[in-house]
Amino acid sequence: MLDQRTTPIAMPRTRRPRLRATILIAFLVIAAVLGYVLFRVGTGDAPAAERRDATVVFDRTSGEQVIGVGGAERFRTASVVKLFIALDAVTRKASRTDESQIHRMLAKSDDAVANTLWTRNGGPAIVTRTAAVVGLKNTTPPADPGRWGDTLSTADDVAAVYRHVLGLPKAKRNVVLEPLRRATRTATDGFDQHFGIPSAFPGRPWAVKQGWAAGRGSVDAHTTGLVGDGDRYIVVMLSAFADGTSLDVATAAVTSSAVALAPRLRN
């Protein structure tokens with residue numbers, strides 16, 4: 001029973017409906033956001049917060065970097081590290097047999113050949129040597145020496161590797177770049193590697209080394225290479241998505257980003 005000496009403080013009647021309305025609006029907003037997130041996850045499309053991107057574009061004609069977003073952010077390289085493996089082999093005077101293997105490794109993104117060259121030439125030492133020769137600032141070998149795809153690098157560093165390759169004597173340069181110009185639509189693992197640059201620049205010359213990987217904390221989809229007459233542009237687009245995102249969704253997103261980029265690069 002209420003003590004008669006205490007006078008209860010009554011809330012003004014006009015505030016209760018406002019409070020209920022505020023709570024209802026907050027509930028609806030939360031439900032809408034949650035529903036959107038669940039819808040995106042259910043369709044395999046990761047929310048923007050679950051995707052990291054870096055894009056670097058260098059114009060060799062002007063000598064300027066025309067786009068530099070997230071260039072120093074590190075990503076798992078996946079098969080892009082095959083570019084490092086090839087450059088290291090060429091620098092170490094690759095034999096004719098080596099050159100044939102390099103062509104298959106790059107054009108078809110052949111993992112078996114990458115395993116062979118990685119093991120033969122010192123594994124993680126390949127990354128260390130490449131970083132020293134090119135002057136890479138944020139590239140490190142994989143923690144597990146046998147997992148070359150776990151090498152960490154940045155868009156800035158990958159772009160620097162392309163610039164270095166383009167400066168090699170013609171014979172050595174061609175060993176690396178010719179297979180990139182002939183990258184097959186289907187890689188040896190059956191994956192369609194013509195996402196990103198090849199799809200976004202169908203009427204222009206290109207040379208690419210793509211990368212894709214799933215598991216161990218993320219899903220990676222990278223498109224890197226050269227675009228335009230005379231290899232005018234060096235284009236590096238690295239992306240990491242939430243673990244569990246389908247590779248098809250990841251590569252489609254990368255292609256969309258590359259298509260959006262295309263109009264900004266003059267012939």
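The values are calculated or read from the model by the stated rules, or taken from the named source; none is laboratory data. Every value quoted in this text rests on a predicted model; they were computed, and no experiment measured them. A quick note on method: Cβ atoms are made from the backbone with ideal geometry, for glycine too, and the neighbour counts reach across all protein chains shown.
Among the residues of the stretch 248-267, how many are within 14 Å of Glu50 (Cα to Cα) and out of contact with any strand residue (DSSP E or B) (no Cβ under 6 Å at 6 or more places or on another chain)?
Here the count works out to 2.
Would you say Arg163 is modelled with pLDDT of 95 or more, touching a helix residue (DSSP H, G or I) at 6+ places or on another chain (Cβ under 7 Å), of a type outside the set (Asp, Glu) and within 23 Å of Val227 (Cβ to Cβ)?
Working: modelled with pLDDT of 95 or more: yes; touching a helix residue (DSSP H, G or I) at 6+ places or on another chain (Cβ under 7 Å): no; of a type outside the set (Asp, Glu): yes; within 23 Å of Val227 (Cβ to Cβ): yes.
Taking the combined requirement at face value, the residue does not satisfy it.
In the stretch 79-124, what count of residues is obtained for those that are within 17 Å of Pro145 (Cβ to Cβ) and either in contact (Cβ under 8 Å) with a residue 24 or more places away in the chain or assigned to a helix (DSSP H, G or I) (or both)?
Taking the stretch 79-124 and keeping what is within 17 Å of Pro145 (Cβ to Cβ), we get 81-82, 84-85, 88, 111, 114-124.
Right, trim to either in contact (Cβ under 8 Å) with a residue 24 or more places away in the chain or assigned to a helix (DSSP H, G or I) (or both) and you get 81-82, 84-85, 88, 111, 114-121, 123-124.
Here the count works out to 16.
Considering only the stretch 192-212, how many residues are closer than 9 Å to Thr223 by Cα and among the small types (Gly, Ala, Ser)?
Residues meeting the conditions: 2.
Which condition number in (1) at pLDDT 50 or above; (2) closer than 21 Å to Asp248 by Cα; (3) of a type in the set (D, E, K, R) is the one that Asp45 fails?
Looking at each condition in turn, Asp45 falls short on (1).
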